[in-house]
């Protein structure tokens, strides 16, 4: 899987899946699988956002950036914060 896959990419895949259902190229079983996997990805992103909310309340402002870098939260391992 590409390292640069984003929620926007997921959204595009979901819309492609909808078009596939309309055209008959995608079965409802395949669409259900895509939907279930997508829900897991979205739920994971929600957990990351919740974690950022908690961490952002830390007394030391460097804690948030350090935690994100060390945990690779939000895929920021190669980005400077």
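Quick notes on this structure:
- For region 21-35, the criterion of being modelled with pLDDT under 85, part of a helix (DSSP H, G or I) and within 15 Å of the chain's Cα centre (by Cα) is satisfied by no residue at all.
- Single match in 51, 58, 2 (criterion: modelled with pLDDT under 85, touching a helix residue (DSSP H, G or I) at 6+ places or on another chain (Cβ under 7 Å) and loosely packed, with under 13 Cβ neighbours inside 10 Å): 58
The values are calculated or read from the model by the stated rules, or taken from the named source; none is laboratory data. Everything numeric here is computed off the predicted structure, so don't read it as measured data. Cβ sites come from the backbone with ideal geometry, for glycine too, and all protein chains shown count toward neighbours.
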